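Data block below; observations after.
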Amino acid sequence: MKFDLKITDPKSKARAGTITTDHGEIETPIFMPVGTVGTVKGVHQTELKNEVNPDIILGNTYHLFLRPGMDILEKAGGLHKFMNWDRNILTDSGGYQVYSLSGRRKINEEGVKFKSHIDGSTHFFTPENVMETQRTIGADIIMAFDECTPYPCDYNYAKRSMHMTHRWLDRCIKHLEKLPFKYGYEQTFMPIVQGSTYKDLRKQSAEYIANSSQQANAIGGLSVGEPAEELYAMTEVVCEVLPEDKPRYLMGVGTPINILENIALGIDMFDCVMPTRNARNGMLFTAHGSINIKNKKWEDDFSPIDEMGITWVDTLYSKAYLRHLFASKEMLGKQIASIHNLGFYVWLTREARKHILAGDFREWKDKMVKQMDKRL
Ligand code: PRF
């Protein structure tokens, strides 16, 4: 993997760059649609490619390990071939998904024992076997196995957990040295900063992660219920420590406003289920605020879903029609809303890049934050 940092905004810490992998270029800042089980929910690969047009999507080790399982993915020749996606893929390690199972998992120094959400069967993830699993899935970017601490989290737990995540990182790196790439292209490994909402721990963790000298770095443990100010404060502390010449990925963040504010603090990569999950509940993101399409006020509004027309669904369908689809519980409604929201998120990060390159990111960001902070 190669990262060319093209420009840093003089009035903020925003950056524009290009990551190059064996599956093509990723222009940063970037939003990566989430495709947990090898599908971005409700969106065909052709629509995803032609309309949403992301350079990279996400998959989840936890889900893919349980179903279809590693035998099938290995036989398929990896996830790219299995799902027919020839651009970049990143897989999360399972550190967060296992954390979300709260009642159904046990963490110790060796790893995490958990019960499958599908059939209740028991499994054990370790830093070592999660690296093997990610080799078999075959994403271009693979993540360290970490513990995502909850919010709030007491200081001593956060500190102990952070040190364990660091020891797990060392085990991931050591084990990866023994594991060749499986499908003829490279995989880039990303370590993850933890440390809850404590500045000293975040700084310490960022130093540890930076010293591991990997090609890119990630920040985890945020967007777990903390106020936005704490999220921004942690990003700021960590970005001061992480090297400038490597991509920075803020995991699981966030609202359109969170994304712009974190770009301003020096983040290059984002992912979040919000655009697709909220779409399935009838919530649309636009440059002028969010819309609950199920609201009665849209019943006879025949204006386009979004005048901006970022994706073709935006002008092909009216708000009244989309509201009708949701009222009738038709699956097309969820599909249309998912394409719209993903198109909007990817547009937002591309626009941010344009404004960073043009030198007016700060003014544009402030205007957009004000504009988007509304319910229509
Ligand atoms: N760790 C991992 N994946 C994640 C997170 C984390 O802390 C988060 C935090 N919001 C999202 N996804 N491995």
Considering only the chain, what is the antiparallel percent among its DSSP beta bridges, to the nearest 5?
50
Checked against the positive end of the charge dipole of the range 72-155 (+1 on Cβ of Lys and Arg, -1 on Cβ of Asp and Glu, about the Cα centre), the farthest of 124, 73, 93 is 73
Using a Gaussian network for the chain with springs between C-alpha atoms less than 10 Å apart, which of these wobbles most: 16, 228, 139?
228
What whole number of Å gives the distance from the Cα centroid of the range 177-249 to the Cα centroid of the range 1-54?
18
Filtered hits (lysines, Cα-Cα < 19 Å from residue 296, offset >= 8 within chain) -> 319, 329, 334, 374
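Do any trypsin sites (Lys or Arg not before Pro) in the range 272-349 lie in a DSSP loop with no more than 11 other beta carbon atoms within 10 Å, and if so, which?
329
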Karplus couplings for the range 3-19 from phi (6.51 cos²θ - 1.76 cosθ + 1.60, θ = phi - 60°), rounded to Hz, Gly and Pro as x?
10, 9, 7, 7, 7, 10, 5, x, 9, 8, 9, 5, 9, 10, x, 9, 9
Which residue fluctuates the most in the chain, going by a Gaussian network model with Cα springs under 10 Å, if the choices are 58, 48, 179?
179
The range 173-230: trypsin sites (Lys or Arg not before Pro) falling in loop per DSSP and having at most 11 other Cβ within 10 Å:
178
Please turn the phi angles of the range 249-265 into ³J(HN,Hα) values with the Karplus equation 6.51 cos²θ - 1.76 cosθ + 1.60 (θ = phi - 60°), one per residue in order, whole Hz, x for glycine and proline.
10, 9, 7, x, 10, x, 6, x, 5, 3, 5, 5, 5, 6, 4, 4, 9
Applied in sequence order to the range 215-231, the curve 6.51 cos²θ - 1.76 cosθ + 1.60 (Karplus, θ = phi - 60°) yields integer Hz couplings, x standing for Gly and Pro, of 7, 7, 9, 10, 10, x, x, 10, 6, 10, x, 6, x, 4, 4, 5, 4
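Give the dimensionless ratio obtained when the Cα radius of gyration of the range 69-152 is divided by 2.2 N^0.38 Å. Mind dumping the intermediate values first?
On the way: Rg = 13.8 Å, N = 84, 2.2 N^0.38 = 11.8 Å.
For the range 69-152, the normalised Cα radius of gyration is 1.16.
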Cα-based equivalent ellipsoid, the range 151-235: semi-axes from gyration tensor eigenvalues, Å:
27, 14, 11
Distance from the Cα centre of the range 254-286 to that of the range 328-376, in angstrom?
8
Theoretical ellipticity at 222 nm over the chain - DSSP helices of four or more residues, -39500 (n - 2.57) apiece, nearest 500
-12500 deg cm²/dmol
Between residue 87 and residues 5 or more places away or on another chain, the pairs with built amide H atoms under 5 Å apart involve none
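Values quoted throughout were computed directly from the atomic coordinates according to the rules given, and no laboratory measurement underlies them. What you see is a predicted model; the values in this text were computed from it and never measured. Please note: Cβ atoms are built from the backbone with ideal geometry, for glycine as well, and neighbour counts cover all protein chains shown.
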